[in-house]
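Undergrad: I'd like to ask you about the structure that follows.
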Amino acid sequence: MTRSLAVHAGLLALLLALNWLLPAYHQGNLARVMTLAIYAIGYNIAFGYTGLLSLGHAMFFAAGMYGAALPMRLADLAIGPSFALGLLAGAALALVVGLLALRTAGVAFMIVTLMFSQAFYLTILLLGTWTRGDEGFVIPAIDRQIAGLDLTAADTRYLVAWALFSAALLISLRLVHRPLGRSFVAIRENEERARLLGYDTGRLKLWSLVISATISAASGAAYATLFGYAGASFAGVQYSIFPLLWVLLGGAGTVLGPFIGTLFMFYLIDLSSGITEAYMLIAGVVLVLLTLFAPGGIAGEIRNRLWRALP
Amino acid sequence: MTTPILETRGLSRSFHGLRAVHEVDLSLAPGRIRALIGPNGAGKTTLVSMLIGRIAPSSGRIAFDGQDITDLPAHERVRRGMAYTFQITSVFARLAAEENVALAARRRLGTDAPAVDRAVADALARTGLADRRAETARDLSYGHQRLLEIAMGLAQSPRLMILDEPTQGLADSEIEAFEALIRELSATTTILLIEHNMNVVMSLADEITVLNFGEVLAEGPPEAIRADARVQAAYLGTEPADAT
Amino acid sequence: MDFGPHLLLALIEGAVLAAVLALMASGLSLVFGVMRVVNVAHGEFFMLGAVGSWIVAHQLGGGAGVWFAALVAVPLAVGALAAAADMTILKRLDYDPERTIVATIGLLYIIQQVTLMTYGPEARPVAAPWDMRIALPFVERGEAGWQFYYPWGLSTTAWKLIVLVASAVVIVALRLFMTRTRAGLVMRATQLDGEMATAMGIPVERVYAAVFGLGAALAALAGVLIVPIQQAHYLMGGDALLLSFIVVIIGGLGSLAGTIVAAVLIGLSDGIISVFFSPTLAKILATLLVALVLVFRPQGLFGTRAR
């Protein structure tokens, strides 16, 4: 346990140091990556650890984003409470969706989550008077202050993103070592066996989804407050595919995988969108190659070949 | 007269008109070893699947410790003290053997990590798997996987343990060890055993229930069953003892 | 126009949509029915049909002869592409349901983005081979009883009628193919029991490639038929996929009859709801309906419960 803790703490220390070492462009990128990696971490809990392949997580991300941004825009609420509202929105949505969607499994579950997410996206468009639909809205810099910290300043933004990311990483690390996290893995590995060992798999899957959604919502809320923008595209199908892509690439069912995958894909797309408008082609090719040759992802392959105890 | 630990009344199950189990009244006294035998297709696995909650009965009631559990989901029944090992081995193939057993123990012992570790070590030792604890479950031999299932059952400290053909695939020495384990276990746990190996049945069982075409054909102590002409006829042999 | 003729017009428009939808959904349903695979890239095959028609019309000029060549050649080409994808990618995944869906998502992006890179982001129209408008009669009660008359504005195009006829013909042909020919029997046998089929000498992998190709060809055909009515655009697969999903799930995955009925229902009601209410609201209701059907009645209207 201590060796793996050292590795994870080491990564966090490195990321912290990079705040002062990176040029402005990459510092901004990494802040964005860390914020989105929180989303990947959240997704990984449902998908990587519990085996729930959802194609609709964008609704939880967007619930966090709008749950935080709308009160700030419409009711002038401060950042702290808005952030909390974002988390609450994600958790509540997951509870409702989960109670319905978890009555299905496998392919049906994938489609049901996709459908609910689509309905959520379309509702955001429908309520365009308040949400500004696809166009979205900006959160003015004046509102993005908390406890005297100006979140629009590059350093502050990076450090806050880092702090939130660290929290998410450590939460997931702790979770996988606790009985709850182990029971998620049991469900993924052999659900009927878990049931017949006395585990209430229905309730546990709901817990997994709610925890996953809350962390995803945190990412959405953080993204809105740190980067000052909320838009309907974050609720679209693409934003449901992204965490799947990041987690698969980095390593589903590992703690570091989500971050590795997010970082990798971010820069891959960043580089290729300089070359062509069709940068999602890269995403498509990577997905196909991953499912064919490396279902374990980067961290997963490391775990299988080099270091079996990597959490 | 002690309360039976498990009791069924009129338990039946049909599949699209085919009667798999019909009007079975079963009563298990606590602390005894009961063997459930019968030709292939007699409905034994269907019967125990209903007991543990894997499938729902078409009609009839089941009571555990005097409480009606017919409508309880499987995981609830396990929490009340039932344990089940599958006929076709069902372990967590990609996890280590010790994690398999730990999962079984953890549900009861929760966050008490030292207690879980002790229960795991104990279960592995009693099934002879202690030096294979770190191996991945699917890398174990078939016989060892079946023992792993039993270890998982032990780790639950159940009141009633239902074993579905536990000795299938075990070598003779392993079967001996298994018999010793069951005898030791029956001091604290009631055992219900589906078995085809008649030597094991005759050696272990306090009572035998014979199922044929989904109905109880005969019930009683081993000697009576061995001598029962109907049982012999059902097995199409004169000596149940040499059927394996 | 009065309400009566207006409704008739809406019904015809809806029928055309339903016909194309039925074609597309049959392809999706066929693939799931035989292979137990959900092909998320199905909408992209539809798009390729439309874009392919544009390419053919653009290179070889218009004219009926060229059009009929396209009607046959484009679906064949798309079908071949799909079969190749099946043999190189899906086969290697052993058709594992979850990994297959992820792979088809990747395929979706590859097809979509390559089209973006080559065909471009614009929507381009393709003219139908004939441009005839056909006035439609309606009835009204006159002094001499019920009479036919031709309300102004109530008309359709020859092409739309062709779409209706062609779709009906293809779907009937598909049904006959599946139930009356040896190839169709082989496909259904493979669906019922893959292992048994292999044991009886049926080349299951080739059957799967053929089925996957056929499913894609049906989608492409739908694209070819619809392109004179809509335009060819690289993103047109998304909406089409969603509608096909809705039809297939409500009608019941694997059931051809259910697919037809659902396509008619969805096609007609989508038109009507979109006219009288907001199209966005219609879509929201449709997606929620799909989700709830899957949760509470997963076999849809006519489908059989998945084994």
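FYI, it's all coordinate maths here, none of it is from the lab. What you are looking at is a predicted structure, and each value in this text was computed from that prediction instead of being measured. Note that we place each Cβ from the backbone using ideal geometry, even for glycine, and neighbour counts take in every protein chain shown.
Undergrad: What is the dipole size for the protein assembly as shown, taken about its Cα centre, with +1 at each Lys and Arg Cβ and -1 at each Asp and Glu Cβ, in debye to the nearest 20?
TA: 580 debye
Undergrad: Calculate the spin-label point distance for B:A227 paired with C:R175, positioning each point 7 Å from the Cα along the beta-carbon direction, and give it in nanometres.
TA: 7.0 nm
Undergrad: HN-Hα J couplings of segment C:35-46 from phi, Karplus 6.51/-1.76/1.60, θ = phi - 60°, integer Hz, Gly and Pro as x?
TA: 9, 6, 10, 9, 9, 6, 7, 4, x, 6, 5, 4
Undergrad: Please work out the Cα convex hull volume for chain B and give it in Å³ per residue.
TA: 128 Å³
Undergrad: Distance in nm between label sites at C:T280 and C:A135, each 7 Å beyond Cα in the beta-carbon direction?
TA: In this crude spin-label approximation the distance works out to 4.1 nm.
Undergrad: Take the Cα of B:N40, step 7 Å along the line toward its Cβ, and report every residue of segment B:159-196 whose backbone nitrogen sits under 19 Å from that point.
TA: Under cut-off, by backbone N: B:164-170, B:194-196.
Undergrad: Cα to Cα, under 26 Å, and not fewer than 8 places away if on the same chain: which lysines meet these conditions relative to C:K160?
TA: In chain and number order, the partners are C:K283.
Undergrad: If one takes the longest principal axis of the Cα atoms in chain C, at what angle in degrees, from 0 to 90 and to the nearest 10, does the Cα axis of helix C:279-296 lie?
TA: 40 degrees
Undergrad: How big is the Kirkwood radius of segment A:1-132, worked out from every pair of different alpha carbons and given in Å to one decimal?
TA: Averaging 1/r across every pair of different Cα atoms and inverting gives 17.1 Å.
Undergrad: What is the gain in length, in nm to one decimal, between C:H6 and C:Y149 on full extension, counting 0.36 nm per residue of separation less the C-alpha to C-alpha distance?
TA: Result for the pair: 50.1 nm of gain on full extension.
Undergrad: Given N residues in segment C:1-116, what is Rg(Cα) / (2.2 N^0.38 Å)?
TA: Cα-based Rg divided by the globular estimate yields 1.31.
Undergrad: List, largest first, the extents of the alpha carbons of segment A:1-73 along their principal axes, each in whole Å.
TA: Computed over segment A:1-73, the largest-to-smallest principal extents equal 37, 34, 18 Å.
Undergrad: Which is farthest toward the positive dipole end of chain C among C:L256, C:A219, C:Y234, measuring Cα position about the Cα centre, with Cβ charges +1 (Lys, Arg) and -1 (Asp, Glu)?
TA: With unit charges placed on the Cβ atoms, the residue in question is C:L256.
Undergrad: Turning to a different aspect of this structure: Among bridges DSSP assigns within the protein assembly as shown, what percent are antiparallel (round to 5)?
TA: 65 percent
Undergrad: Using Cα centres only, tell me the gap between segment A:171-209 and segment C:29-57 in whole Å.
TA: A separation of 38 Å, based on Cα centres.
Undergrad: Based on the Kirkwood radius over alpha-carbon pairs, what value in µm²/s does the Stokes-Einstein equation return for the translational diffusion coefficient of segment B:91-157 at 20 °C and 1.002 mPa s?
TA: Calculated translational D: 191 µm²/s.
Undergrad: Counting only C-alpha contacts under 8 Å and six or more residues apart, can you give the relative contact order of segment B:91-157 as a whole percent?
TA: Computed over segment B:91-157, the figure is 48 percent.
Undergrad: Can you work out D for segment A:78-123 in µm² s⁻¹ from Stokes-Einstein, where Rh is the Kirkwood radius over C-alpha pairs, the temperature is 4 °C and the viscosity is 1.567 mPa s?
TA: For the chosen part, D equals 110 µm²/s.
Undergrad: Per 20 Å bin, what is the whole-percent P(r) computed from every C-alpha pair distance within the protein assembly as shown?
TA: Pairs per bin, as whole percents: 13, 38, 33, 14, 2, 0.
Undergrad: Which residues' amide hydrogens lie under 5 Å from the amide hydrogen of B:H22, considering only partners 5 or more residues apart or on another chain, with H built in the peptide plane?
TA: Result for B:H22 returns B:R13, B:E215.
Undergrad: In percent, what relative contact order does chain A have, based on Cα pairs under 8 Å that are 6 or more apart in sequence?
TA: With pairs under 8 Å counted, the relative contact order is 32 percent.
Undergrad: Same structure again: Just add up the charged neighbours of C:S269: K/R +1, D/E -1, any other residue whose Cβ is under 15 Å from the Cβ of C:S269.
TA: Spelling it out: positives minus negatives among the neighbours equals -1.
Undergrad: Once you put a point 7 Å from the Cα of B:E76 and another 7 Å from the Cα of A:L18, both along the Cβ direction, what distance in nm separates them?
TA: 5.1 nm
Undergrad: Okay, next question. Going 7 Å from the Cα of B:S14 along its beta-carbon direction, which residues of segment B:51-82 have the amide nitrogen within less than 20 Å of the resulting point?
TA: So the set is B:51, B:55-62.
Undergrad: Something else about it: Quick one: grab the alpha carbon gyration tensor of segment A:2-236, order the square roots of its eigenvalues as a ≥ b ≥ c, and give me rounded if a/c is under 1.5, else prolate or oblate depending on whether a/b is larger than b/c.
TA: Oblate shape, in that a/c is at least 1.5 and b/c is the bigger or equal ratio.
Undergrad: For segment C:3-296, calculate the relative contact order in percent as a whole number, restricting contacts to Cα pairs under 8 Å that are 6 or more residues apart.
TA: 41 percent
Undergrad: Given charges of +1 on the Cβ of Lys and Arg and -1 on the Cβ of Asp and Glu, with all other atoms neutral, how large is the dipole of segment C:3-296 about its Cα centre, in debye to the nearest 20?
TA: So the dipole magnitude of segment C:3-296 works out to roughly 380 debye.
Undergrad: Also, quick follow-up: Using amide H atoms built 1.01 Å from N in the peptide plane, name the residues 5+ places from B:L211, or on other chains, whose amide H lies under 5 Å from its own.
TA: So B:L211 has HN proximity to B:I37, B:G38, B:L217.
Undergrad: Would you mind listing how long segment C:3-296 runs along its three principal axes, going by Cα atoms, in whole Å with the largest first?
TA: So the extents along the principal axes, rounded to whole Å, are 73, 47, 38.
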